Structures are given as C-alpha cells and as structure tokens.
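Encoded as structure tokens, the structure appears first; notes follow it.
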C-alpha cells in the first residue's frame, strides 16, 4: 500500500504553500470524483492530497452584473438547478444535468470538472504498460491509432494522440466565451477558455494551460441575449450516464426569423472542446431550419481526420449541431 498525506486547506494561500512544499507529487482535490477514479486505475499516483473544497467563498454563484460567476467549488448540481441559469442560460444547466448521475453532480465541482481527463480506454486502462499511451507516458506511443478508435476524436488529432475531450460543461462554456480564473505561486490570472485546453500536437500529456501549483478559483461567463435561446444536445450510446459520441452547445439570437448571432461548440468529436467558427459564420442570416443548419454544420468538419472506426462521427456531429439549432431557435428569448 502506498502512503500519502492529506491536508484540508483553510485558505487559498495555505493550499498553494502546501503544494509548493510538496512539489510534483501533490494534487489538489475538491469533489474527488475524477481524481479518486484515476488513482484507483493507477493513472494518477499522488503522494500528497491538498483538499481545496472548503476554501472561503469558493462555492459562490453570482448571477448579478454583466457576467455570471461560478466559484470553482460550486457543485455541479447547484449550478444546474440555479433558477437564473436554467431560465436564461439553459445550455449551461443542460450541459451539467446531462454530464453525470445526480449522485455525482451532488459531489463534483464545476472547477474540478474543467480538469476532467479523457475517457480514452487506452489511457485509462493501460497503466502498467498494457497499452502505450503518449498522454499517460510521453513517448510510449498511441495504441488508439490503428486500434479500436470508435470513441476517438476526428478534430484536432495529431500523429501522437487522438484522445477525445470528455467534458460536457466545458463545451457549453466554450460556446459562451467563458474565462477561467486562476491563482498560483506567481499570482492571479485569467485565461480565456479557448486558450485553456491545449491541442495534443507532439505533447499530448500537456492538456491544460495551468501552471504547477495553480488553483482554479472561478469561471466567468459574459452575459449574452443568446443565452435564452440555447441548448446542449448530447448523443450517446445510452440515454444516461454515458459520454458523448457527439454533442453540440448552441446559443442563438434571431431577428425576423433569421439567425443574427450563433455560438456553436462541439463535444465528443475533438481533442478539446471544439468551437465551430465556420458553422457560426455560415448560420448568420439563415433561417433556423434543420436543412439550413445541416449545411452550415458540415463546415465544422472540413478538416476532420477520422480513423478506422469513427468516420460516422462526422455526419453524426453535423446532425447533432443541426438538431441543436432547431431546439435552441424554438425557445423563447
């Protein structure tokens, strides 16, 4: 049995100092729904756990002013059930409510969910050298390339990694231009969510633009009229508690039956939450019909690189976007 230390930090500065002393073998923990899972699989093997779930005001939900703000320790369930979020930004509420079971949502935090790691089976089940994985052991290879790749990404892949980004909440945040707030040994900073998730390139083990010792303190989402006409549409092998084969976060504004603004992001098909800028541009001025949306949606996959078994995700992803556009457009602003 491997021994480890545990500290429940009372303040952010206490947590950062403890991490700095412990070094590379330390991990922050909040709800623990991801980290404990990876520890059981042998993917994560920390020696020091620093509990940041009880930091003062870290769980606040603020819907006033010109932005929504979610403290990193706010529970997924609490954010999903917030009345203003549900009414004015259903894309956010739905991305959380479709992400996991109620039991997990009662434990998991919105900050920790941002750092959820891939569900690639070669990453999760290959500890101990069973399968090579560049994300888990840099330079070891990628068993998914040429292997069973039905669940892998078709966008943003590289010759070293095709692992799909697993999250739902980050996809909705990507569509709405969220900003991630962090604090660490070098002070506080904000990172646009578009820059927070890294493409695998030649360094797939580097997944997030977060520095050693940094803690996510909150998530800021600018308010937008498009939030009211929004949805998170998720397609999966079974109707609950499953990860997306394809998903779409869509938020729209309409004028005289035409789309004037479109926010579109994809999940389940990319190596990071995928902003579909080509689709957003193609939707402008179009009626929110499934036919018009499907044509615009296919633009998101112009540079797709499917593997042996996952080419179906290209058409599935486009249809998921199209359905989401129709659902969002039917909602009252």
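Tabulated results
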| item | result |
| --- | --- |
| Residues that are surrounded by fewer than 22 Cβ atoms within 10 Å (Cβ to Cβ), in a loop (DSSP other than H, G, I, E, B), in contact (Cβ under 8 Å) with a residue 12 or more places away in the chain and out of contact with any helix residue (DSSP H, G or I) (no Cβ under 8 Å at 6 or more places or on another chain), drawn from the range 138-165 | 138, 145, 146, 150, 159, 160 |
| Matching residues, the range 21-40, being surrounded by fewer than 15 Cβ atoms within 10 Å (Cβ to Cβ) and within 27 Å of the chain's Cα centre (by Cα) | 23, 24, 25, 36, 37, 40 |
| Some residue of the range 212-231 being outside the structural domain of residue 276 (by TED's automatic domain parsing), in contact with a strand residue (DSSP E or B) (Cβ under 6 Å, 6 or more places away or on another chain), closer than 21 Å to residue 50 by Cα and not in a strand (DSSP E or B) | yes |
| Every residue from the range 105-115 that is in a loop (DSSP other than H, G, I, E, B) and crowded, with 23+ Cβ neighbours inside 10 Å | 108 |
| Residue match in the range 68-76 (condition: more than 25 Å from residue 125 (Cβ to Cβ), in contact with a strand residue (DSSP E or B) (Cβ under 6 Å, 6 or more places away or on another chain) and assigned to a helix (DSSP H, G or I)) | no |
| Matching entry among 285, 267, 307 (being out of contact with any helix residue (DSSP H, G or I) (no Cβ under 7 Å at 6 or more places or on another chain) and buried (at least 17 other Cβ atoms within 10 Å of the Cβ)) | 307 |
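Results for (1) under 12 Å from residue 166 (Cα atoms); (2) surrounded by 24 or more Cβ atoms within 10 Å (Cβ to Cβ); (3) more than 15 Å from the chain's Cα centre (by Cα); (4) free of Cβ contacts under 8 Å to residues at least 40 places away in the same chain, shown as yes or no for each residue.
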residue	(1), (2), (3), (4)
231	no, yes, yes, no
237	no, no, yes, yes
248	no, yes, no, no
255	no, no, yes, yes
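The values are calculated or read from the model by the stated rules, or taken from the named source; none is laboratory data. The model shown is predicted, which means the values in this text are computed figures rather than measured ones. So basically every Cβ, Gly included, is an ideal-geometry build from the backbone, and we count neighbours across all protein chains shown.
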